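So the structure is just underneath, and the comments pick up after that.
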């Protein structure tokens, strides 16, 4: 397989800005390969971290505006340690070397990395994390802050899935976005 990579598009939902003091409520990962597209998914809602507390600003600015997503991420929460161990096993069964893909990767991977290391002792991604906003900036030749989903070509976005703030839906959506970015060659 050599340098064959599996791109694991991941989205998380949290009750605050940082792992530890705040909890990751749910996460979804969609594994993509360049030749096969979407090959596998993993998603879970998690129990709250012991001793953590929700951030009031996150509730007010995000969850109060997305009640359906809140309801979805609180259904059937699973024990954290066993879920993260199952996730490590899932990532390790994927073909090739896993690359974490996020939007923004700095936020999503920080929670995934913390939870994996804290509860399993390892992160199978290591520090292989690709940020879609940075990648779009490079592809489009735009400024970082000027690179937003609204400024990206409309044909980068799949009609197959919508952005719902439900982790697995958003992971799949951004995985397809990544595949379209890879194809982009500019205005030629």
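The values are calculated or read from the model by the stated rules, or taken from the named source; none is laboratory data. The structure presented is a predicted model; accordingly, all values stated were derived computationally and were not measured. Methodologically, a virtual Cβ is constructed for each residue, glycine included, from the backbone with ideal geometry; neighbour enumeration extends over all protein chains shown.
Do we have any residue at all in the range 98-110 that's more than 30 Å from residue 150 (Cα to Cα) and not in a helix (DSSP H, G or I)?
No, the range 98-110 contains no residue that is more than 30 Å from residue 150 (Cα to Cα) and not in a helix (DSSP H, G or I).
Yes/no per residue for (1) under 30 Å from residue 46 (Cα atoms); (2) part of a strand (DSSP E or B); (3) within 15 Å of the chain's Cα centre (by Cα); (4) at pLDDT 95 or above:
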position: 122; (1), (2), (3), (4): yes, no, no, yes
position: 125; (1), (2), (3), (4): yes, no, yes, yes
position: 133; (1), (2), (3), (4): yes, no, yes, yes
position: 146; (1), (2), (3), (4): no, no, no, no
position: 163; (1), (2), (3), (4): yes, no, yes, no
position: 182; (1), (2), (3), (4): no, no, no, no
position: 185; (1), (2), (3), (4): no, no, no, no
position: 188; (1), (2), (3), (4): no, no, no, no
Inset, instruction - Looking for whichever is closer than 29 Å to residue 179 by Cα, surrounded by 18 or more Cβ atoms within 10 Å (Cβ to Cβ) and under 16 Å from the mean Cα position of the chain (by Cα) here; the options are 109, 113. Which one fits? - result: 109
Legend entry - Tally of residues being in contact (Cβ under 8 Å) with a residue 12 or more places away in the chain and either under 12 Å from the mean Cα position of the chain (by Cα) or in a loop (DSSP other than H, G, I, E, B) (or both) across the range 42-52: 6
Inset, instruction - Any residue in the range 22-41 that's on the phi > 0 side of the Ramachandran plot and in contact (Cβ under 8 Å) with a residue 60 or more places away in the chain: show its pairings with residues that are crowded, with 16+ Cβ neighbours inside 10 Å and not in a strand (DSSP E or B) at Cβ separation under 8 Å, as long as the two are six or more apart or on different chains. - result: 37/179
Inset, instruction - For the range 117-128, enumerate the residues that are touching a helix residue (DSSP H, G or I) at 6+ places or on another chain (Cβ under 6 Å) and in contact (Cβ under 8 Å) with a residue 12 or more places away in the chain. - result: 119, 120, 124
Inset, instruction - State the number of residues belonging to the range 53-73 that are surrounded by 16 or more Cβ atoms within 10 Å (Cβ to Cβ), touching a strand residue (DSSP E or B) at 6+ places or on another chain (Cβ under 8 Å) and assigned to a loop (DSSP other than H, G, I, E, B). - result: 2
Legend entry - Sole exception among (1) under 22 Å from residue 177 (Cα atoms); (2) surrounded by 14 or more Cβ atoms within 10 Å (Cβ to Cβ) for residue 127, by number: (2)
Legend entry - Unique match (being touching a helix residue (DSSP H, G or I) at 6+ places or on another chain (Cβ under 8 Å) and more than 18 Å from residue 127 (Cβ to Cβ)) among 71, 47: 47
Legend entry - Filter result for residue 157 (surrounded by fewer than 18 Cβ atoms within 10 Å (Cβ to Cβ), within 23 Å of residue 37 (Cβ to Cβ) and without any contact (Cβ under 8 Å) to a residue 40 or more places away in the chain): yes
Inset, instruction - Go through the residues of the range 69-78 one by one and say whether even a single one is touching a residue at least 24 places away in the same chain (Cβ under 8 Å), over 12 Å from residue 27 (Cα atoms) and over 16 Å from the mean Cα position of the chain (by Cα). - result: yes
